[in-house]
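Since the structure comes first, as structure tokens, the remarks are kept for the end.
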Amino acid sequence: MRTGKGEHGKPYPLTEDDRDDSAYRENGFNILVSNNIALERSLPDIRHPNCKHKVYLEKLPNTSIIIPFHNEGWTSLLRTIYSIINRTPDILIAEIILVDDFSDREHLKEKLEEYMARFTKVRIVRTKKREGLIRTRLLGASMAKGEVLTFLDSHCEVNVNWLPPLLNQIALNHKTIVCPMIDVIDHNHFGYEAQAGDAMRGAFDWEMYYKRIPIPPELQRSDPSDPFESPVMAGGLFAVDREWFWELGGYDPGLEIWGGEQYEISFKVWMCGGGMFDVPCSRVGHIYRKYVPYKVPSGTSLARNLKRVAETWMDEFAEYVYQRRPEYRHLSTGDISAQKELRKHLKCKDFKWFMAAVAWDVPKYYPPVEPPPAAWGEIRNVAANLCVDSKHGATGTELRLDVCVKDGSERTWSHEQALRFHV
Ligand code: UDP
Ligand code: MN
């Protein structure tokens, strides 16, 4: 019944002034829009219709909800908390642990403590120096008392009945890690919608960019609202049995600031006797940033994190990464002996097994060894007189139309690309 701007997850009507970069600079998303939308706004229930008829175990484990944050915006953080309080059965929440990763914004100090005092289940803990999201999550996990650990980002909105379907899957098998469907909260207008393709498997290419691929027919469930296997998670939003998380060694604490940890936890849960599922009946919105707003301390890098994970878990497949990223060969990973010891101690299977048994469909989209190109030349749209140009972006190779350049638009085209353009 709620009415107002942004209600039901509708896009906020932006004016030209609202679009000024100053609104984005602190958070990488439009904080003015966030400030003008109700903290307890309504969301559209976009679950598969079957979700309304599902039954879950009567006795579900409770969970600690762990939310790391570094210089998060006030209203985006509060909306995360309100969405949890409003859309989660209270009995299932052991506590909500906000873990401050050494923020310096004033509103995250006493003001936050005073505000959160109204929520009896919320605790605030703080790191003593900037740790990065991985060790910040670990700090929250180390204090958690719930039977399950549920991790969320500090700019989320959980949707209708998001938690029981996650906990149910863990109750059925405590070695299962589960992820909700991650919906998109637009970083401009805060409209709420499913990701392109909605339910897809988590994957990666051989530069270690996160990818999403269709669920192959072999793994499609007769009820599309049932949980399905996913090789790797996106990273920020998942639930795991607390004891199992620690049995798996938590995260590698040598991972710095941001990135790579999603592969580490995914590879090890599969290789060390567990599994991972995406749960269509659980939906959580996340604001995907326009850009990274915070400082990344010097001496840390995503590349180093990825190499730690590759060296620990990927065996001979790490070579495919180094072939594409030769600069990784000379990077120092630091000490990874504890990670290797853990792998041995847990008697984990090897990466070849992972590729054959779990991620067997990934090479169809991202082959470790590129097949010879399907075609060479220029692809020109005759009507527009524009040529297909390929650019290397954050999500891999992106294609777009651009002016044709003599001798410059000609290149090799993969089989997949050639198919797309009916070459
Ligand atoms: N974060 C943190 N310390 C950092 C970087 C990030 O605690 O050094 C938090 C951040 O506030 C967010 C979560 O970790 O709640 C994930 O980071 P982010 O949202 O920047 O990653 P993205 O979702 O953009 O990949
Ligand atoms: Mn995020």
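The values are calculated or read from the model by the stated rules, or taken from the named source; none is laboratory data. Note that the structure is predicted; figures quoted are calculated from it, not measured. For neighbour counting, all protein chains shown are included, and Cβ atoms are generated from backbone atoms with ideal geometry for every residue, glycine included. Accessible surface is based on the protein model in full, side chains and every heavy atom, while ligands, DNA and RNA are left aside. Shrake-Rupley method; radii C 1.70, N 1.55, O 1.52, S 1.80 Å.
Of note:
- Free-standing Cys, the chain [no other Cys Cβ under 4.7 Å]: Cys156, Cys179
- Percentage of interatomic Cα-Cα distances in the chain larger than 31 Å: 43
- Cα centroid separation, region 348-423 to region 244-261 (Å): 33
- Length-normalised contact order for region 307-374 - Cα pairs under 8 Å, 6+ apart - percent: 40
- Computed over region 312-420, the range of Cα coordinates on each principal axis works out to 63, 31, 21 Å, biggest value leading.
- Between Val403, Val148, Val279, the Gaussian network model of the chain with springs among Cα atoms under 10 angstrom shows the greatest mean-square fluctuation at Val403.
- The C-alpha atoms of region 270-324 occupy a region whose extents along the principal axes are 37, 37, 19 Å, arranged from largest to smallest.
- Under Karplus coefficients 6.51, -1.76 and 1.60, residue-wise ³J(HN,Hα) of region 22-39 in Hz, glycine/proline x: 4, 6, 9, 4, 7, 10, x, 9, 7, 6, 5, 4, 4, 5, 9, 10, 4, 5
- Centre-to-centre separation between the Cα atoms of region 271-335 and those of region 70-149: 25 Å.
- Only lysine pairs 8 or more places apart or on separate chains count here, and in region 174-310 those with Cα atoms under 23 Å apart total 6.
- Distant-in-sequence amide H partners of Gly285 (H built 1.01 Å from N, under 5 Å): Glu157, Val158, Asn159, Asp183
- A P(r) calculated from all alpha carbon pairs of region 142-262, with 10 Å bins opening at zero, reads 11, 39, 39, 12, 0 percent.
- Per-residue HN-Hα couplings for region 267-282 [Karplus 6.51, -1.76, 1.60; θ = phi - 60°; Hz; x = Gly/Pro]: 4, 6, 5, 6, 6, 10, x, x, x, 9, 10, 9, 10, x, 7, 10
- Per residue, region 17-93 exposes 44 Å² of solvent-accessible protein surface, assessed with a 1.4 angstrom probe and all protein chains in place.
- GNM on the chain, alpha-carbon springs under 10 angstrom: the most fluctuating residue among Lys290, Lys54, Lys145 is Lys54.
- Computed from phi, the 3J(HN,Hα) profile of region 106-117 under the Karplus parametrisation 6.51, -1.76, 1.60 (θ = phi - 60°) reads 4, 5, 9, 9, 4, 4, 5, 4, 5, 5, 6, 4 Hz, with x in place of Gly and Pro.
- Backbone amide hydrogens, once placed in the peptide plane, bring Thr63 within less than 5 Å of Ile93, Ala94, Glu95, Glu147, Val148, excluding anything fewer than 5 places away on its chain.
- Averaging the sequence gap over all C-alpha pairs within less than 8 Å and six or more residues apart, then dividing by the number of residues, gives region 96-243 a relative contact order of 25 percent.
- The GNM of the chain, with springs linking C-alpha atoms under 10 angstrom apart, assigns the highest mean-square fluctuation among Ser225, Ser301, Ser390 to Ser390.
- Long-range HN-HN contacts of Arg201 with modeled amide H, under 5 Å: Ile213, Ile215
- Under the criterion of Cα pairs below 8 Å and six or more residues apart, the relative contact order for region 233-353 equals 33 percent.
- Apportionment of accessible area to carbon and sulfur, the chain, percent (1.4 Å): 53
- For the pair Asp223 and Asp407, label points projected 7 Å from Cα toward Cβ lie 6.4 nm apart.
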